[in-house]
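The values are calculated or read from the model by the stated rules, or taken from the named source; none is laboratory data. A quick note: this is a predicted structure, and the numbers were derived from the prediction, not measured. Don't worry about glycine lacking a Cβ; one is built from the backbone with ideal geometry, like all the others, and counts go over all protein chains shown. Just the protein is used for accessible areas: all its heavy atoms, side chains included, with ligands, DNA and RNA removed. Shrake-Rupley method; radii C 1.70, N 1.55, O 1.52, S 1.80 Å.
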Amino acid sequence: MIVHAANPIYDSIFKYLVEDKRIAKILISALLKKEVLDVEFRRHEYTNNVRNDISMFRIDFGARVREADGSEHLVLIELQKTWIETETLRFRQYLGAQYSDPNNIQKEERLKHGYAIPMVTVYLLGHKVGNIEEPILYVNHKSYDYNGHEITQGLPDPFVESLVHNSIIVQIPRLHGHVNNRLEEVLSVFDQNRTNEFNHHIININEEEYANDDDMLYIVRRLTAAAANAKLRHDMNVEDEFFTAIENRDTTIMNNEREIAEQRAYINEQKCQINEQQNQLNEQQNQLNEKNKMLQSAIKAMMNNGLGVATIATSLGITAGEVEALMAK
């Protein structure tokens, strides 16, 4: 059966989705490819819809995970979602704030100052990244010696884990047609090719696709409930208005930049023409100076031969006044 669910590409809907602890565990478990025992919602910052620069949903989780060997530990998940392109500086600024936050340090009795909680950053992008075709990228750090050989003994180490982190980058536009693993299945509800033809706030989901998956059905029903929520529908409208304003502003800026570029090109062309004309004038002046020098030499020679001004002028095809002017130089 096809159901109409709220589109989680919207910040308000995604916030509503992951505020459900069960769904947060499902998402983080799929992202980390690990068993998540518990999820703690940490101090976070949501989108401010009156900002005029960018929409960026941010939320922090503390996830207790169990490794394959049975060991358990806490991982800090820094999740950032945006649906318009932005420079990486904005992501780095937020990440830097998390690195310097004393709340992200875990204390141990044997340690005087403690170590930072291992961190994984997750970027849910509503746009494509260059020519990378894979919808999901795992960017993991490794350690090497001077000769480039990977070091594994003694790792992971809390000191090293405090200074570096792994990242997961999801290109939402490239999710279409990719359901090859658990994470792609969980993220399939973000596939914008499911968007309703008449209302982009709604995605059409066939529940039969998840008939044997209670977790996915739970997510779908949460999104279905969101579609029926009047406040959330209003919030989606607000986001649309906000981004329409941004698009209009960006279009105006782009047009202004194009006009300025055209004006600069015209001015540069005029400058080139003026420079060319000036070069021609300089060349003509040089030719004139050279001609005057030749005339002066001829006049001097004729005068030495006892010829008068009138005779010299007639001989050279110039006026007597020009002869006198050249003699005066």
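Quick notes on this structure:
- Solvent-accessible area, 1.4 Å probe, carbon plus sulfur percent, for the range 192-269: 48 percent
- Cross-link pairs exceeding 28 Å in C-alpha to C-alpha distance, out of Lys21/Lys142; Lys33/Lys81; Lys15/Lys142; Lys271/Lys293; Lys33/Lys231, comprise Lys21/Lys142; Lys15/Lys142; Lys271/Lys293; Lys33/Lys231.
- Taking label points 7 Å from Cα along the Cα-to-Cβ direction, Thr314 and Ala301 give a separation of 2.0 nm.
- Within a straight-line Cα-Cα reach of under 17 Å, Lys128 can be paired with the following aspartates and glutamates, leaving aside sequence neighbours fewer than 8 residues apart in one chain: Glu85, Glu87, Glu184, Asp191.
- Extending 7 Å from Cα along the Cβ direction at Asn199 and again at Tyr266 yields two label points whose distance is 4.9 nm.
- Packing, taken as the mean count of other beta carbons within 10 Å per residue, orders the peptides 280-290, 15-25 from highest to lowest as 15-25, 280-290.
- Of the GluC sites (Glu not before Pro) found in the range 178-227, the ones in coil according to DSSP and having at most 13 other Cβ atoms within 10 Å of their Cβ are Glu197.
- Span from the the range 283-329 Cα centroid across to the the range 117-170 one, whole angstrom: 85 Å
- Residue-normalised accessible area of the range 136-244, given per residue in Å² at a 1.4 Å probe: 58 Å²
- Sites Val129 and Met254 - FRET efficiency at Förster radius 22 Å, r taken between beta-carbons, to 0.05: 0.55
- Kirkwood hydrodynamic radius of the range 121-170, from the reciprocal of the average inverse Cα-Cα distance over all distinct pairs: 13.1 Å.
- Relative pair counts by distance (%), Cα atoms of the range 176-285, 10 Å bins: 11, 24, 18, 13, 10, 9, 8, 5, 2, 0
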